[in-house]
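The values are calculated or read from the model by the stated rules, or taken from the named source; none is laboratory data. All of these numbers come straight from a predicted model, not from anything done at the bench. Here the Cβ positions follow ideal geometry from the backbone for every residue, glycine too, while neighbour counts run over all protein chains shown. To get the accessible areas, we keep the full protein, side chains included, count just its heavy atoms, and leave off ligands, DNA and RNA. Shrake-Rupley method; radii C 1.70, N 1.55, O 1.52, S 1.80 Å.
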Amino acid sequence: MDALDQQLLALLRADARASVATLAAKLKVSRGTVTNRIARLEDSGVITGYTVRLRPDSVPDEITAWMSITVEGNRTREVVSILLGEPGITGLFDTNGRWDLLAEIRSSNLQELAEVLERVRLIKGIAGTETSIHLQSYKLG
């Protein structure tokens, strides 16, 4: 991945709906270059999808929780690959300190959250977890 790919990814992170023409103009390259680069990034798995970011108060009943996870021994890659397939996990982060991973979980109700937590806790290679539920935001962005 070169500097142009990095710039393209930064623009897509800011606005994944930007047209190829707009991206090409901002990058000062042809539309064909942008199209080819996006296709290559998708084919190689760098870009895995596109999503919508919602204002937190636009879904007031949604529950957001963070699960801190300790992994047994050297099973991190195995655990990460399983967690990436868990639909309730919307973000997964490698951390330092007491916990090995931090998972962001979103659910529509407490029962759904409990089901996600149970599925995660049953994954072989997870030694321990601690979950905190998001109550209120004071600063965004």
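Quick rundown of the values:
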quantity	calculated
Output for the stretch 115-141, where each listed residue is over 20 Å from the mean Cα position of the chain (by Cα), exposed (fewer than 12 other Cβ atoms within 10 Å of the Cβ) and of a type in the set (A, V, I, L, M)	L122, L135
Residue that is most open to solvent (accessible area, probe 1.4 Å) [pool: residues in the stretch 95-113 that are closer than 16 Å to T129 by Cβ and either of a type in the set (D, E) or in a loop (DSSP other than H, G, I, E, B) (or both)]	R98
Qualifying positions in the stretch 45-94 - open to solvent by 80 Å² or more (accessible area, probe 1.4 Å) and under 24 Å from D5 (Cβ atoms)	T48, Y50, T51, V52, R53, L84, F93, D94
Residue within the stretch 29-39 that is surrounded by fewer than 13 Cβ atoms within 10 Å (Cβ to Cβ), polar (S, T, N, Q), at pLDDT 95 or above and not in a loop (DSSP other than H, G, I, E, B) present	yes
Single match in L92, L41, L101 (criterion: of a type in the set (A, V, I, L, M) and more than 16 Å from the chain's Cα centre (by Cα))	L41
